[in-house]
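Quick one: this structure, given as structure tokens, is what I'll be asking you about.
The values are calculated or read from the model by the stated rules, or taken from the named source; none is laboratory data. Quick caveat, the model's predicted, so the values are computed rather than measured. All Cβ positions, even for glycine, are placed from backbone atoms using ideal geometry, and neighbour counts span all protein chains on display. Quick note on the areas: whole protein, heavy atoms, side chains included, nothing else; ligands and nucleic acids left out. Shrake-Rupley method; radii C 1.70, N 1.55, O 1.52, S 1.80 Å.
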Amino acid sequence: MTEQNTTPPPGCPAHAGAVPLSGLQYQQTPSQLYRTLRREHGPVAPVLLDGDVPAWLVLGYSELSYVTAHDELFARDSRRWNQWENIPADWPLLPFVGYQPSVLFTEGEEHRRRAGVITHALGQVDQFELARDCAQIADRLISEFSGSGAAELMGAYVSALPMRAVVQLCGLPDLGADTQDFVDDLRISLDAAEGDDPVAAYVRVGERLQNLVKEKRERPGPDITSRMIHDPAGLSDEEIVQDLISVIAAAQQPTSNWICNTLRLLLTDERFALNVSGGRLSVGEALNEVLWLDTPTQNFIGRWAVRDIQLGGRQIRAGDCVVLGLAAANTDPQIWPESHVGAENAAHLSFSNGEHRCPYPAPLLADVMARTAVETLLDRLPDLVLAVEPEELTWRPSIWMRGLTSLPVSFTPVVQ
């Protein structure tokens, strides 16, 4: 038996200089790390995922646009990965990388079929009705803490509103023990706290959605699930369940973080604090600025190279994992040479790009949820202020999502 050469080939991301995507700096001040990576490695940097698994992080706006626009070169099916033999069964990122029969991992005509069903279902959502429903959900949530004069908004408001809205859109009852259990399981499966069992919660989510699909086949309604069932594409129940999970997951945590990061900006930046109470325009500006500077999804894993190819001066090997650095690309100095991000510009990559971007209606619906959440809160509690110093706020320890651990506020109690 001959001895194998374990030295990585030139250009391999495991080569010396690869940067671990972990640590406090990445979690709390990722923009500084992006600048360092860009300065030392250019628009495509060799990085190490959990367990020192090699990958490439695309930092450049042009390079990321190219990757996401060329599915024939950078595909979504993770079974192409050349590192599977090195991935342990308990790898933390396995839930996001392991192949699943959902729209997220499909390619070509199959992806167009599955994504088309979601697009048609979301496209029939009445945005005015959604805004009304979100305002009602917001009012109920605010009423639960408005009399106390203080609240921790992440738990009491920010996370709850989009979750309740999206399960309602999918055809589950707005309230009730069954729906609340489903909401709790969704939270655990997407964002487990210490002591939670995300695997068991995910199984329960799948089972509840299977039952929902059966119910809607018998008694369809004006909801996303019923529209997906009766779409001419003829998806199977399993396909619908998998894609519903994708829709709900994409609508909940990113939208929650979008709301959270916008409220943080409004409460800490005097540019907005002076104007918010005087009009709604600044809320829209804040929402868009957050997508540029504190986008809810910082990085997305990923794409897999179909063949050997050059990208950003790097030799990418067939089967290499490419991580989409959405936050880094949005702040690329090549598009903002004077470090000034124009909040009125909507050419950010926060919803990705190309065939695998968020289906067209989704960003519009997320905007309705986020805008309604922020505006209703400010209307109901006009003297809302941060209850701690801005520098005391901490970001969740994640390289993938950008959101606060908590958002404590105070205000004049409202007598019910």
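Can you give the relative contact order of region 158-262 as a percent, counting alpha carbon pairs under 8 Å and 6+ residues apart?
Relative contact order here is 36 percent.
With an 8 Å cut-off on Cα pairs and a minimum separation of 6 or more residues, tell me the relative contact order of the chain in percent.
For the chain, the relative contact order is 26 percent.
Across all directions of projection, what mean area in square nanometres is found for the Cα convex hull of region 301-387?
Values: hull surface 36.3 nm².
Reported value for the Cα convex hull: 9.1 nm².
Counting only protein heavy atoms and using a 1.4 Å probe, what share of the accessible area of region 216-273 belongs to carbon plus sulfur, as a whole percent?
Looking at region 216-273 in its full context, I get 50 percent from C and S.
Please say if region 113-238 is rounded, prolate or oblate, where rounded means a/c under 1.5 for a ≥ b ≥ c the square roots of the C-alpha gyration tensor eigenvalues, and otherwise the choice is prolate for a/b larger than b/c and oblate otherwise?
Cα axes put region 113-238 in the oblate bin.
In degrees between 0 and 90, to the nearest 10, how far off the longest principal axis of the chain does helix 127-143 point, with axes built from Cα atoms?
70 degrees
What are the radius of gyration and Dmax of region 215-277, computed over its Cα atoms and given in Å?
Values for region 215-277 (Cα only, Rg and Dmax): 18.9, 54 Å.
Could I ask something else about it? Round to the nearest 0.05 the FRET efficiency obtained for Asp231 and Arg140 when R0 = 30 Å and r is the Cβ-Cβ distance.
Details: r = 32 Å, r/R0 = 1.08.
In this case the efficiency is close to 0.40.
Compute the long axis of helix 177-190 from its Cα atoms, compare it with the longest principal axis of the Cα atoms of the chain, and write down the angle in degrees, 0 to 90, nearest 10.
Between helix and principal axis, roughly 30 degrees.
Please list 3J(HN,Hα) in residue order for region 208-218, calculated via the Karplus relation 6.51 cos²θ - 1.76 cosθ + 1.60 where θ = phi - 60°; whole Hz, with x for glycine and proline.
Those phi angles translate into 5, 6, 4, 5, 4, 4, 4, 4, 6, 5, 7 Hz.
How do the peptides 313-323, 232-242 rank, highest first, by the average count of neighbouring beta carbon atoms within 10 Å per residue? All intermediate terms of the calculation are to be shown ahead of the outcome.
Details: 313-323: 19.1, 232-242: 15.9.
Put in order of decreasing packing, that is 313-323, 232-242.
How large is ³J(HN,Hα), in whole Hz, for each residue of region 220-236 in order, when computed from phi with the Karplus curve 6.51 cos²θ - 1.76 cosθ + 1.60 and θ = phi - 60°, using x for Gly and Pro?
Here the 3J(HN,Hα) series is x, x, x, 9, 4, 4, 4, 5, 5, 4, 9, 5, x, 5, x, 5, 6 Hz.
When only alpha-carbon atoms count, how far does region 361-405 stretch along each of its three principal axes, as whole angstroms with the largest first?
Over region 361-405, Cα extents along the principal axes are 34, 33, 10 Å.
Which value in Å does the Kirkwood hydrodynamic radius of the chain take, with 1/r averaged over all unlike C-alpha pairs and then inverted? Write out the running numbers ahead of the final one.
Working: mean 1/r = 0.0444 Å⁻¹.
For the chain, inverting the mean 1/r across all distinct Cα pairs yields 22.5 Å.
For Ile316, list long-range residues whose amide hydrogen, built 1.01 Å from N in the peptide plane, is under 5 Å from its own amide hydrogen.
Ile309, Gln310, Leu311
Continuing with this model, one more query. Over region 50-173, consider all pairs of different Cα atoms and compute the Kirkwood hydrodynamic radius from their mean reciprocal separation; express it in Å, one decimal.
The Cα-based Kirkwood calculation yields 18.8 Å.
Right, here's the next one. Keeping every protein chain present and rolling a 1.4 Å probe, give me the accessible area per residue for the chain in Å².
46 Å²
Let me ask something else. Show me the three semi-axes of the equivalent ellipsoid for region 64-122, from the C-alpha gyration tensor (sqrt of 5 times each eigenvalue), largest first, rounded to whole Å.
That gives 24, 15, 10 Å for the three semi-axes.
Next question, about the same structure. Counting each DSSP H run of 4 or more residues in the chain as -39500 (n - 2.57), what helix-only mean residue ellipticity at 222 nm follows after dividing by all residues, to the nearest 500 deg cm²/dmol?
-14000 deg cm²/dmol
Going by alpha carbons, how many degrees (0 to 90, nearest 10) lie between the helix axis of 281-293 and the longest principal axis of the chain?
On a 0 to 90 degree scale, this one is about 20.
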